[in-house]
Amino acid sequence: MGGPSGPTLFGQSTAIWNKSIGAEAPPTTALHRAPPALQLFRVGRKLRAARTVPSPSPFAHAVCAILGALRFRLPESRMTKASDLFVAALEAEGVQYVFGIPGEENLDLLESLRTSSIKLVLTRHEQAAGFMAATYGRLTGKAGVCLSTLGPGATNLVTAAAYAQLGAMPMLMITGQKPIKTSKQGHFQIVDVVDTMRPLTKYTRQIVAADSIPARVREAFRRAEEERPGATHLELPQDIAGDPTQARLIPASFSRRPVAEDKAIERAAEAIAQARHPIVMIGAGANRKTTSKTLEQFVAKLGIPYFTTQMGKGVLDEQGPLWLGNAALSDHDFVHRAIDAADCIVNIGHDVIEKPPFFMREGRRTVIHVNYAAAEVDAVYFPQIEVIGDIAHSVWRLQEALQPQPHWDFGYFDRVRAALLEQLQERTDDDRFPMAPQRLVADVRRELSPRDVVCLDNGLYKLWFARSYRCREPNTLLLDNALATMGAGLPSAIGARIVCPDRKVVAVCGDGGFMMNSQELETAVRLGLDLVVLVLRDDAYGMIKWKQAHERYPSFGMDLGNPDFVEYAHSYGARGHRPASADEFAPLLRRALDTPGVDLIEVPIDYSDDDVILNQDIPQRAAAVV
């Protein structure tokens, strides 16, 4: 290639960069420490960013364009360390944060991170780092990245891998390993992590040569982010990380998701038009991409009522007049009466990894599967029509093909909605203490804006939030109805707060789930996050205790002890609170939300009548709707 050499071009571009932004000093010491090829790469990135500064010179614009074209060209005459190349590949993918705990096998990579633009978020447990990375992926659509060493550090990521994989959250795990060319430590700490991760990921590889890094990283991100998103894993051995390489980065290719075939759209539109009682179901897949706007237009034009799965909450405004509730319970809720009355279910973004929102029965109704991928058929889900392609595009095409039909009858759905809304209002002002879950959910909803984010751990309260917390926007209630692991609530909230610094974030955890990753309070305090953590205390594993009672088993093996959560929060440098009555909770929550820093509120909770309400009262009242 003609023109100045790499080092000369680096010097010229540095001067142009300084001049364009009004800087008098040379680039940072960290930048100078990087190999020349990566210096050029990073200066090029800064020069591209300089397009946004006031009145950059035309010459600076020209150099930005030149260096933009050179972004992925590392000069062949320059060697660079493999770990530097690996981090440059992460930067090229837009990575801003790496969550995790490094070990001695990661030291080359750690040094490369230190001199990069990427921020290391040091956590207190690898599992929590994985939950944070997965939440980052869930909210952004870009793979969150987490890091661990070999052996126990890597195996601590297993639950997080399953969390991301089942929940369709794009995530890349990077683990270290002992040297693979020569090793003087025998099998100390060595686990076959690649094989361990194979059933839990979309892609897992050990990097056996420095030159393969660009391809491996690019493929890991591509697999993690394409539909259906999920977990990927790369193992970087200690000796490979220190090897020299001349490999070039590989740019991401341009791609668009396929769109549905015309005949599938026509067949689906015909089935909806011919139905008498059509209904729309919104699942997790609709919450992953920007389908909210097209779905809003679809239901507004056609007036078809809708309900959601737990992980589909918020795609459409649940205060809307067509909302029929959430399929939080498996059956016999008000929403299930509407489902039973429907003769056509337009199933948008359903992911069978969620507990079935309804049970199909042969010959009862037409089910239309609208999704990025074909349906996974099982005994309770076997759609008759499939519309496969980009969901937003399919919904738009269906909207264009349909008009409201005079024979559509939604009268029964209206009666179901009225009965549901009446039931949802009950006990929202209950003054008993310990608090009724209905009152707690109502108070949290009243104190948060439509854009604020609630991150749930897993417990009995999840059913109440899924049924009663009416979301106004997508991904504002983050719950896990896929792996449904305990311990994810607090780490997920930390990840959400990092992604959404302009929103309030509340973690809601049972005492059991909170204690599984409570050490991350220190992480939140150290990072200076503004975060509220609600710990719902019943001194038991409440969800299983509830099911144990429902099955008529005697209470056994579910009760536990707890620390003083207020003092526990203080020990980490957070603020701790405990209301003395139900009426004190909402003002306390409001003050915590308005005060910067980490606040923990211990809330005694009363689940004693949940069995009667969820398993007897609601089914009886739902069955009475005619």
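The values are calculated or read from the model by the stated rules, or taken from the named source; none is laboratory data. Since the structure is predicted, the reported quantities are computational estimates derived from the model, not experimental observations. When we count neighbours, we look across all protein chains shown, and the Cβ atoms used for this are built from the backbone with ideal geometry, even at glycine. Each accessible area value is taken on the protein alone, full model and side chains, heavy atoms only, with ligands, DNA and RNA left out. Shrake-Rupley method; radii C 1.70, N 1.55, O 1.52, S 1.80 Å.
Some notes on this structure:
- Just so you know, in the stretch 270-280 the residues that are open to solvent by 10 Å² or more (accessible area, probe 1.4 Å) and small (Gly, Ala, Ser) include one that is nearest to Cys344 (Cα to Cα), and it is Ala271.
- Given (1) at pLDDT below 95; (2) within 21 Å of Ala133 (Cβ to Cβ), index of the condition Ile190 fails: (2)
- Exactly one residue out of Pro554, Pro563, Pro579 is at negative phi, more than 26 Å from the chain's Cα centre (by Cα), surrounded by 14 or more Cβ atoms within 10 Å (Cβ to Cβ) and not in a helix (DSSP H, G or I), and it is Pro579.
- Subset of the stretch 586-600 (residues that are more than 17 Å from Phe465 (Cα to Cα) and in contact with a Lys or Arg (Cβ under 8 Å, 6 or more places away or on another chain)): Ala592, Leu593, Thr595, Gly597, Val598, Asp599, Leu600
- Single match in Arg198, Arg223 (criterion: under 21 Å from Ala133 (Cα atoms), in contact with a strand residue (DSSP E or B) (Cβ under 7 Å, 6 or more places away or on another chain) and either of a type outside the set (Lys, Arg) or surrounded by fewer than 17 Cβ atoms within 10 Å (Cβ to Cβ) (or both)): Arg198
- Where a residue in the stretch 108-130 is farther than 25 Å from Thr159 by Cα and its partner, wherever it lies, is open to solvent by 40 Å² or more (accessible area, probe 1.4 Å) and of a type in the set (Lys, Arg), with Cβ under 6 Å and at least six apart: Thr115/Arg33
- Any hit, the stretch 87-108, residues being assigned to a helix (DSSP H, G or I), of a type in the set (Gly, Ala, Ser), touching a strand residue (DSSP E or B) at 6+ places or on another chain (Cβ under 7 Å) and surrounded by 24 or more Cβ atoms within 10 Å (Cβ to Cβ): no
- Looking only at residues of the stretch 445-463 that are touching a residue at least 60 places away in the same chain (Cβ under 8 Å) and over 18 Å from the mean Cα position of the chain (by Cα), we find that the one that is surrounded by the most Cβ atoms within 10 Å (Cβ to Cβ) is Gly459.
- Restricted to helices (runs of 4 or more DSSP H) entirely inside the stretch 469-526, those with at least 1 residues that are touching a residue at least 40 places away in the same chain (Cβ under 8 Å), acidic (Asp, Glu) and under 30 Å from Gln423 (Cβ atoms) are 511-514.
- In the stretch 201-210, the residues that are assigned to a loop (DSSP other than H, G, I, E, B) and closer than 21 Å to Arg257 by Cα: Lys202
- Residue identified as touching a Lys or Arg at 6+ places or on another chain (Cβ under 7 Å) and surrounded by 19 or more Cβ atoms within 10 Å (Cβ to Cβ) among Val603, Val625: Val603
- Every residue from the stretch 239-287 that is of a type outside the set (D, E, K, R), in contact with a Leu (Cβ under 8 Å, 6 or more places away or on another chain) and farther than 30 Å from Thr308 by Cα: Ala241, Thr245, Gln246, Ala247, Leu249
- Residue within the stretch 415-422 that is free of Cβ contacts under 8 Å to residues at least 60 places away in the same chain, hydrophobic (A, V, I, L, M, F, W, C) and crowded, with 21+ Cβ neighbours inside 10 Å present: no
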